[in-house]
1. With angles folded into 0 to 90 degrees, how steeply does helix A:182-211 sit against the dominant principal axis of chain A? Use alpha carbons for both and round to 10.
2. Output the 0 to 90 degree angle, nearest 10, between the alpha-carbon long axis of helix A:143-156 and the longest principal axis computed from the alpha carbons of chain A.
3. Using the Cα centre of the range B:194-296 as origin and beta-carbon charges of +1 (Lys, Arg) and -1 (Asp, Glu), tell me which of B:VAL290, B:THR203, B:ASN215 is placed farthest towards the positive end of the dipole.
4. Please give every one of the lysines within straight-line cross-link reach of B:LYS238, meaning a C-alpha to C-alpha distance under 19 Å, and leave out same-chain neighbours fewer than 8 residues apart.
5. May I ask you to sort A:LEU165, A:LEU135 by Cβ crowding, counting other Cβ atoms within 10 Å and putting the fewest first?
6. Identify, among A:PHE99, A:GLY190, A:GLY88, the residue whose Cα sits farthest towards the positive end of the charge dipole of chain A, taking +1 on the Cβ of Lys and Arg and -1 on the Cβ of Asp and Glu, with the dipole about the Cα centre.
7. Using the basic label-point model (7 angstrom from Cα toward the beta carbon), what is the B:GLN123 to B:ALA45 distance in nanometres?
8. Ranked by Cβ crowding within 10 angstrom, fewest neighbours first, how are A:SER83, B:SER304 ordered?
Amino acid sequence: MNIVLDNFDAYLAGMIDTIVLTLVSFALAFVVGTIVAGFRVSPVPPLRAVGTAYVTIVRNTPLAVSMVLFWFGLLPALGISLSRFWAGIIVLTTYTASFVAEAVRAGINSVAVGQAEAGRSLGLTFPATLGQIILPQAMRTVVQPLGSIFIALIKNSALVTIISLPNLTKTGEAIGTATVQFFPALLGAGVAYLLLTLPSGAAVGWIERKVAFRR
Amino acid sequence: MKKQRWLIPIVLLTVALMGVACGNDDSPTVGGDTTDNTSDAPSFAAGSTMAAIQAKGKIVVGSKFDQPGLGQKNPLTNQVEGFDVEIAKLIAVGIFGGDASDLGNKIEFIETPTPVRETVIEQGTVDIVVATYTINDARKQRIDFAGPYYLAGQDIMVKKDNTAITGVESLVSGVTVCSVRNSTPAGRIKERAPEATLIEYDTYSQCKDDLLNGNVDAVSTDNSILLGFVAANPNDLKIVGKKFSDEPYGIGLKRGDDAFRTFINDRLEEIYGNGDWKQAFESTLGKLGVPTPATPPAVDRYTSAGPAPAPTTTAAGATTTTAAPATTTTTG
C-alpha cells in the first residue's frame with residue numbers, strides 16, 4: 001500500500017473535504033427535511049401538497065442527474081453565479097432533505113395520536129404541538145434511520161466530483177491517474193471512507209442510547 | 001367464392017415472405033464475399049496473437065465513445081465513429097482481409113474510458129485499445145504501444161473575445177482551466193500551469209458548456225478535440241493556436257507481445273503508404289476542420305520492457321507490479 005502511504009496528505013485533505021461537505025449538507029438537510037415533514041403532516045392542504053411534491057420529485061431523481069442539471073442547466077438558465085462548493089451543498093442538501101423528511105414523518109406517525117390531541121386540548125397551536133410535543137418524541141425513534149441517511153450522505157457526497165468539487169473519491173481517482181495504479185489508489189479511498197462511516201455508525205448507536213426514553 | 005377469400009391473405013403473406021427471402025438472398029452474397037476474403041486473409045504463425053484473433057473470428061477493440069472525430073458513439077446508428085475507429089478497422093482488415101467497410105461482426109468496440117485502459121489490456125478483455133491513447137513511459141510499465149498513428153498536441157480553447165489568454169504561460173493564478181478528469185491533458189495542466197485552477201469534468205462537452213456559461217476561462221486538451229468544438233461554435237469559440245505538448249496517439253496492447261506489436265506497426269506503415277490512413281483521417285477529423293498532416297508520424301519500434309508480470313488480482317499483487325524493473329528504453 002505504498003501508494004496510499006506516499007499520498008497520505010492528499011487522502012487526508014480529501015477526507016476533510018468529504019467531512020465538511022457531509023456535515024454542512026446534513027445540518028442543512030436536517031432543518032429542511034424537518035420543515036418538509038411538518039408540511040407533510042400539516043392540516044393545511046396547500047402545505048401538504050408542497051411537501052409531497054418536494055419529496056416525490058427530489059427523492060426520485062438520481063443524485064448524479066440532479067448534480068448535472070443544477071450546475072449545467074438550472075444555474076446558467078437562471079443566470080445565477082454560484083460557487084461550486086455551494087452548488088454542491090445545495091444539491092446534496094435538497095436530495096438528503098427528502099429522505100430526512102420521510103424518516104421524520106415516520107417518526108411523527110409513531111407518536112400516539114393522543115399526544116397531539118392532548119396538546120390541542122391544552123390550546124397549543126399546530127406548530128407548537130408539533131415542535132414541543134410531537135417532534136421531541138418522534139426524533140428519538142428516528143435516530144437510526146437518520147444515522148443511515150447520514151452514512152449514505154458520506155458516500156453520496158462523492159458525486160460532487162461531477163462538478164469538479166474536491167472530495168475523497170476525486171482524490172483517489174487523481175492519485176490513481178498520477179500513479180497509473182487505480183486499484184490500490186481507489187482501495188485507499190475505500191478504506192478512508194470506512195474510517196468515516198464506521199465511527200459514524202458507532203456514534204449513531206451511542207446517540208440513540210443517550211436520547212432513549214427510560215422504559 | 002366466399003370460402004376462397006381466406007386464401008387472399010395467405011397468398012399475400014407468401015408473396016411477402018418470398019420477397020423477404022429474396023432480400024435475404026442478397027445478404028448471403030455479402031457473407032459469401034467475406035468468406036472469400038477470409039481465404040485471401042493473411043496466414044499467421046501458429047500461437048501468435050494474430051492467429052488467435054483470426055481463430056476467434058473477431059477482434060475486440062477498446063475505444064472512446066465520447067470524443068468527437070476520434071471515437072464517438074452515434075446515438076442514431078449506435079455505431080462508433082471516428083479516426084480511432086477507422087484505424088482499428090484498418091488493423092482488423094490486416095488480420096481478416098476484406099474491406100474496412102464490411103468487417104461486420106469481425107470487429108467489436110468496447111467503451112474504455114481513460115481509467116480502465118491499462119486494466120482491460122492486462123486482463124485480456126480487449127485485444128487492442130485505440131482510444132486517444134497517448135504513448136508515455138508510465139503506461140509502458142504496464143502495456144506496450146504500437147504506433148504512433150497520429151501526433152496531437154495540447155492547445156487551449158477560449159471564448160472568441162478573450163485576448164488575455166495567449167498560451168500556457170497565461171494560465172496563471174486566478175484563471176480556471178477545464179479538462180477531462182484524470183486525463184493526460186489535465187495532468188499536463190497541473191504540471192505546466194500549477195497556479196491555475198483546474199476544473200475536471202467527465203466530458204469535454206461539459207467543459208465547453210462551462211466555457212460558454214462563463215464558469216471557466218479556458219478549456220485545454222488535444223487540438224484535434226478542440227477543433228471539433230470550434231467548428232461547431234465558430235462565432236463563440238476560438239483556439240489559441242499554440243501547441244504546448246506532443247501527444248503521440250498509440251495503440252495499446254499486452255506488454256511483451258512483440259510479434260503483435262511489430263505486426264500492427266507494419267500494418268500502420270502499409271496504410272500510410274496506400275492512402276488508407278489519409279482517407280481515414282479526411283473522413284473523420286478532416287470533416288471537423290482538422291487539417292490533414294502532410295505526413296503520418298513515424299512508428300516508434302522501441303524495445304519493450306518484456307512480458308508483463310503474472311496477472312495479479314489482489315491489492316498486494318497490484319502494488320508489487322510497480323516493483324517491476326523499469327528498463328523501458330525509447331528508441332527512434
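1. 20
2. Around 30 degrees separate the two axes.
3. B:VAL290
4. In chain and number order, the partners are B:LYS159, B:LYS160, B:LYS208, B:LYS287.
5. Values: A:LEU165 22, A:LEU135 19.
Exposure proxy ranking, most exposed first: A:LEU135, A:LEU165.
6. So the residue we want is A:PHE99.
7. Distance between label points: 3.1 nm.
8. A:SER83, B:SER304
Every number here is computed from the coordinates shown, using simple stated rules; none is lab data. If you're wondering where the values come from, they're calculated on a predicted model, not measured in any experiment. Methodologically, a virtual Cβ is constructed for each residue, glycine included, from the backbone with ideal geometry; neighbour enumeration extends over all protein chains shown.
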